[in-house]
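Reading through the structure tokens given below for one structure.
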Amino acid sequence: MAQLTTPQPQRHPTPTTKAQQLGYLLFELPDLRKAGQFLRDFGLIPVSQNDDVLYARGTQDSPFCYRAQLADTARFVGFGLIMGSRSDLEALSKLPGASGIEPLDYPGGGECVRLRDPSGFVVEAVYGQSPAKSLPHRKALELNYELKTPRVNDTQRPPLTPPEVLKLGHVVLEVADFQATCGWYTRHFGFIPSDVQVLPDGSPAVVFMRLDLGDTPADHHTLAMAQGFMPQYSHSAFELVDADAIGMGQRVLRESGWKHAWGIGRHILGSQIFDYWNDPWGHKLEHYCDGDVFTADLPMGVHPVSRDAMSQWGQKMPASFTRPKINITTLRSALHHLKHSPDLTVRKLMTLAKLFS
């Protein structure tokens, strides 16, 4: 590996705030009925739906974790971050381009400040949201292993139903302005880089960032971003109770006719057992379980990027997983960012294409 002369992602010593939780995703979709059908098969629970907007949740106490607004074109808009105090909102409202503190008319209410990151994604910083009542879900199955047999005179029969999503775990973005966008989240929301994957020349290609919860363990990544040729959604991930739920989810989704993207396997960075699916418009949503959790004091790891570095076992990541849609809009965007982004070059694009093709 080349010497790391390019600046790497790093935690900010005095961030504006420290986000406490990934709250929800924001989408615009042209068919909310079809979206609701997919989300139910995926394992999310409808909260409310009308002609204009759809909300869905998991079993934990977040009032919702997915919002879709009716629109002519399908697109990912952004996400909500749950903050620890109203003073966090006051601090964020002073940033360039931020809204004032506004009441939020979503399930759970609260107040929010709306911002746009350097790549144009909407971030809604929320405080005062009222929790919902947690919903019951099945316990993780008891396993017989290492010559230990806690399950005697009993069998494994997980129900043939859509898996129960516990929570929204993380969101992954592709960006052209990698350094500026990554630095914005570490500076203003206190994200801590857990691991970074670098190209042969030492420049960062992927960063996995966790919340700074101090001594409380946080998921290996709540937000990740990859160097791309334009800002776009990569995928989001939802936690399930165990690997059997992931396997049953794959069966239910296959039999329902939805399009599979990648899996089942186990990641290297983060260690999650995973399975990826496409919604009706090609947005990837991931089922996962058994992810790593870190406290704030663990230092960042640095690793070479490659397709082989994406999983320990299971299907190798298909080239279609990262292949962009090529059309007039994406070509124009690529040319624009090649001209204006300090992080993007033709050589870097060619290297990324070679690594993941």
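Numerical summary
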{"read-out": "Leading residue by the ranking (surrounded by the fewest Cβ atoms within 10 Å (Cβ to Cβ)) among those in region 275-332 that are basic (Lys, Arg) and assigned to a loop (DSSP other than H, G, I, E, B)", "value": "LYS325"}
{"read-out": "Single match in LEU81, LEU89, LEU70, LEU26 (criterion: under 20 Å from SER130 (Cβ atoms) and more than 19 Å from the chain's Cα centre (by Cα))", "value": "LEU89"}
{"read-out": "Pairs, first farther than 20 Å from PRO231 by Cβ in region 316-328, second exposed (fewer than 14 other Cβ atoms within 10 Å of the Cβ), C-beta under 7 Å, six or more apart", "value": "ALA319/SER357"}
{"read-out": "Some residue of region 88-96 being closer than 20 Å to THR186 by Cβ and charged (D, E, K, R)", "value": "yes"}
{"read-out": "One residue from THR5, THR14 being exposed (fewer than 14 other Cβ atoms within 10 Å of the Cβ), among the hydroxyl-bearing types (Ser, Thr, Tyr), out of contact with any Phe, Trp or Tyr (no Cβ under 8 Å at 6 or more places or on another chain) and at pLDDT below 95", "value": "THR5"}
{"read-out": "Test: residue in region 186-207 that is among the small types (Gly, Ala, Ser) and over 18 Å from the mean Cα position of the chain (by Cα)", "value": "yes"}
{"read-out": "Filter result for ALA35 (part of a helix (DSSP H, G or I) and hydrophobic (A, V, I, L, M, F, W, C))", "value": "yes"}
{"read-out": "Any hit, region 299-322, residues being modelled with pLDDT under 90 and within 18 Å of the chain's Cα centre (by Cα)", "value": "yes"}
{"read-out": "Hits in region 246-274 (condition: among the charged types (D, E, K, R), free of Cβ contacts under 8 Å to residues at least 40 places away in the same chain and part of a helix (DSSP H, G or I))", "value": "ARG254, GLU255"}
{"read-out": "First in region 80-101 and in contact (Cβ under 8 Å) with a residue 12 or more places away in the chain and over 27 Å from ARG57 (Cβ atoms), second anywhere and among the β-branched types (Val, Ile, Thr) and assigned to a strand (DSSP E or B), Cβ under 7 Å, 6 or more apart", "value": "SER93/VAL113; ALA98/VAL113"}
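The values are calculated or read from the model by the stated rules, or taken from the named source; none is laboratory data. Values in this document were obtained by computation on a predicted structure and should not be read as measured data. Every residue, glycine among them, receives a Cβ derived from its backbone with ideal geometry; neighbour counts consider all protein chains shown.
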